[in-house]
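The values are calculated or read from the model by the stated rules, or taken from the named source; none is laboratory data. Note that the structure is a prediction, hence the values are computed from the model and not measured. Heads up, the Cβs are rebuilt from the backbone with ideal geometry, glycines too, and the neighbour counts pull from every protein chain shown. Only protein heavy atoms, including side chains, enter the accessible area calculation; ligands, DNA and RNA are left aside. Shrake-Rupley method; radii C 1.70, N 1.55, O 1.52, S 1.80 Å.
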Amino acid sequence: APKHAIKEAQHLAALAFGADKTFFVTNGSTCSIQSAMLAISTPGGKFAISRDVHKSVIGAMIITGGHPVYIDVEVDEQFQIPLGPTPDSLRDTLNNHPDVEGIIFTNPNTYGVSPKVDLLVALARNYDKIVLVDEAHGAHLPFHEDLPISGLEAGADIVVSGAHKTLPAMTQTSLLHLKGDKVKGEDIARALTILETTSPSYILMASLDMARKVAATIGREL
């Protein structure tokens, strides 16, 4: 229940990233992802998750009691690295499992590869599914037009930005963004109170605010 400086700082972050609402998280993007999944899940519910997701998503499946349904990813044969899910693989998953509650994929993955985020989000919209994009390595994406499209720009419901990887913020800082009305901010807030420390570091929150200012003012130049 932020007030005053923290509330204003989160509001400025939402404006900078193109979100409707942004939460400062000091337990890392792992906490952001797991809180988001806890907020949107029902006991035993299914999630369509990309095969190259971070282990925090698997942890969230354990926490929520959910069941993963995997979206196949392309693999680069020369370098043997995943290239992310394709619209066709997502469509196949949704056709085979129409009861999934949400879709989760990574942008970019740990090798720097971004999938076709705009097409994946548009496809999810056609099936009326909630989309969570893990942008733990993509907090910089909204700040230059030549970079791959961000989940927020594509219209995803929830996007997690790992601020300490590509922005000048301290380690274990994260931003949890909401866009649209499919996910309620109060549900996210309740989930965060369960999984996040009740004594968040003001130093870490201040570093998030400073990183937001850098990104918003000189991010494109940098």
Could you check region 93-128 and list, in sequence order, the residues that are among the charged types (D, E, K, R), assigned to a helix (DSSP H, G or I) and open to solvent by less than 90 Å² (accessible area, probe 1.4 Å)? D118
Can you find even one residue in region 58-72 that is touching a residue at least 24 places away in the same chain (Cβ under 8 Å), among the acidic types (D, E) and open to solvent by 10 Å² or more (accessible area, probe 1.4 Å)? no
Considering residues of region 97-127 that are free of Cβ contacts under 8 Å to residues at least 60 places away in the same chain and small (G, A, S) only, the residue farthest from L152 (Cα to Cα): G112
Enumeration of residues in region 174-189 that are buried (at least 24 other Cβ atoms within 10 Å of the Cβ) and over 15 Å from S56 (Cα atoms): L175, H177, L178
List pairs: first residue in region 170-194 and under 15 Å from D20 (Cα atoms), second residue open to solvent by less than 20 Å² (accessible area, probe 1.4 Å) and at pLDDT below 95 anywhere in the structure, Cβ distance under 6 angstrom, at least six positions apart or on different chains. L175/A163
Going through region 162-197 one residue at a time, which ones are out of contact with any helix residue (DSSP H, G or I) (no Cβ under 7 Å at 6 or more places or on another chain) and under 14 Å from G28 (Cα atoms)? H164, K165, T166, T197
In region 195-221, which residues are outside any helix (DSSP H, G or I), surrounded by fewer than 15 Cβ atoms within 10 Å (Cβ to Cβ) and touching a residue at least 24 places away in the same chain (Cβ under 8 Å)? T197, S201, R220
I'd like the residue in region 1-15 that is touching a residue at least 60 places away in the same chain (Cβ under 8 Å) and open to solvent by less than 30 Å² (accessible area, probe 1.4 Å) and, out of all such residues, is farthest from H54 (Cα to Cα). A9
Qualifying positions in region 139-169 - free of Cβ contacts under 8 Å to residues at least 40 places away in the same chain, in contact with a Leu (Cβ under 6 Å, 6 or more places away or on another chain) and under 26 Å from D187 (Cβ atoms): L141
